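Every read-out reported here was derived from the displayed coordinates using simple, explicitly stated rules and does not represent laboratory data. If you're wondering where the values come from, they're calculated on a predicted model, not measured in any experiment. Every residue, glycine among them, receives a Cβ derived from its backbone with ideal geometry; neighbour counts consider all protein chains shown.
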Amino acid sequence: MRPLFALFIGLLFGAGLALSGMTSPAKVQGFLDITGAWDPSLAFVMAGAIGIGLVLFRIARRRLPPPSHRVDPALIGGSVLFGIGWGLVGYCPGPALTALGSLDPKALTFVAAMLAGTVLQRVVASLRDQARGLARPTGEQAAAANACGA
């Protein structure tokens, strides 16, 4: 039942992104261009998403591990890269995955670069941890820790 629920939620999320225009890089870049021809319509999409997220995260808080409040260089660097990529290309991960259905070459290129960046980050983190003598948990160990609320 869980996979079907996850599929339904993913399809609903993707439909919302497509209907709101979040899969259109031109629309996103119009929203980000506050000094030019600014298009504020995506602010309503964000406000709706934030409102729903606040309610659902409060409900889910009982089942999730406590969030980290640590701000470190990796978080800042990742945030900067995300913002630069979003501003330059007009995609962020959710809308880019949704746009794959259109076979848009820009979306295909963005998702390929996103996946390559994800793999590269994991390789670099693994090498860094090995150099420090730390063992990274396997996928099964991480899943078991998350299931136990660790």
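Can you tell me the length gained on complete extension of the stretch ALA131 to ARG2, counting 0.36 nm per residue apart and subtracting the Cα distance? Before the final figure, lay out the partial values.
Details: separation 129, 0.36 × 129 = 46.44 nm, distance 3.88 nm.
Gain in length upon complete extension: 42.6 nm.
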TODO: Treating each Cα of the range 74-115 as an identical point scatterer and ignoring solvent, apply the Debye formula and state log10 I(q)/I(0) at q = 0.14, 0.21, 0.27, 0.29 Å⁻¹.
DONE: -0.30, -0.62, -0.91, -0.99
- [ ] Report, in degrees rounded to the nearest 10, the 0 to 90 angle that the Cα long axis of helix 73-89 makes with the longest principal axis of the chain.
- [x] 30
TODO: Could you estimate the translational diffusion coefficient of the chain from the Stokes-Einstein equation, with Rh from the Kirkwood formula over C-alpha pairs, at 10 °C and 1.306 mPa s, in whole µm²/s?
DONE: 87
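Can you work out the FRET efficiency for the pair GLN121 and ALA37, with r the C-beta to C-beta distance and R0 = 30 Å, to the nearest 0.05? Write down the numbers at each step before the final one.
On the way: r = 35 Å, r/R0 = 1.16.
Efficiency, rounded to the nearest 0.05: 0.30.
Could you order the peptides 89-98, 52-61, 14-23, 110-119 from most to least packed, using the average number of other C-beta atoms within 10 Å per residue? Present the calculation step by step, with values, prior to reporting the outcome.
Numbers: 89-98: 20.3, 52-61: 10.1, 14-23: 17.7, 110-119: 13.3.
Ranking the peptides 89-98, 52-61, 14-23, 110-119 by packing returns 89-98, 14-23, 110-119, 52-61.
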Task: Residue-averaged 222 nm ellipticity for the chain, from DSSP H runs of 4+ at -39500 (n - 2.57), nearest 500 - done: -23500 deg cm²/dmol
Task: Spin-label pair LEU64/LYS106, simplified geometry with 7 Å Cα→Cβ offset, distance in nm - done: 3.1
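Which value, in debye to the nearest 20, gives the size of the charge dipole of the chain about its Cα centre, when Lys and Arg are +1 and Asp and Glu are -1 at the Cβ? The partial results should precede the final answer.
Working: 12 positive and 6 negative charges, 117 e Å.
Roughly 560 debye for the chain.
Over the chain, what is the mean sequence separation of C-alpha contacts under 8 Å (at least six apart), divided by residue count, expressed as relative contact order in percent?
Numbers: 76 pairs, mean separation 39.1, N = 150.
The normalised contact order for the chain reaches 26 percent.
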TODO: Mind checking the full-extension length gain between LEU81 and LEU12? Use 0.36 nm per residue of separation minus the Cα-Cα distance, one decimal, nm.
DONE: 22.1 nm
TODO: Give me the angle, in degrees from 0 to 90, between the Cα long axis of helix 41-60 and the longest principal axis of the Cα atoms of the chain, rounded to the nearest 10.
DONE: 30
- [ ] Treating the angle as unsigned and between 0 and 90°, give the value, to the nearest 10°, between the Cα long axis of helix 2-20 and the longest Cα principal axis of the chain.
- [x] 30
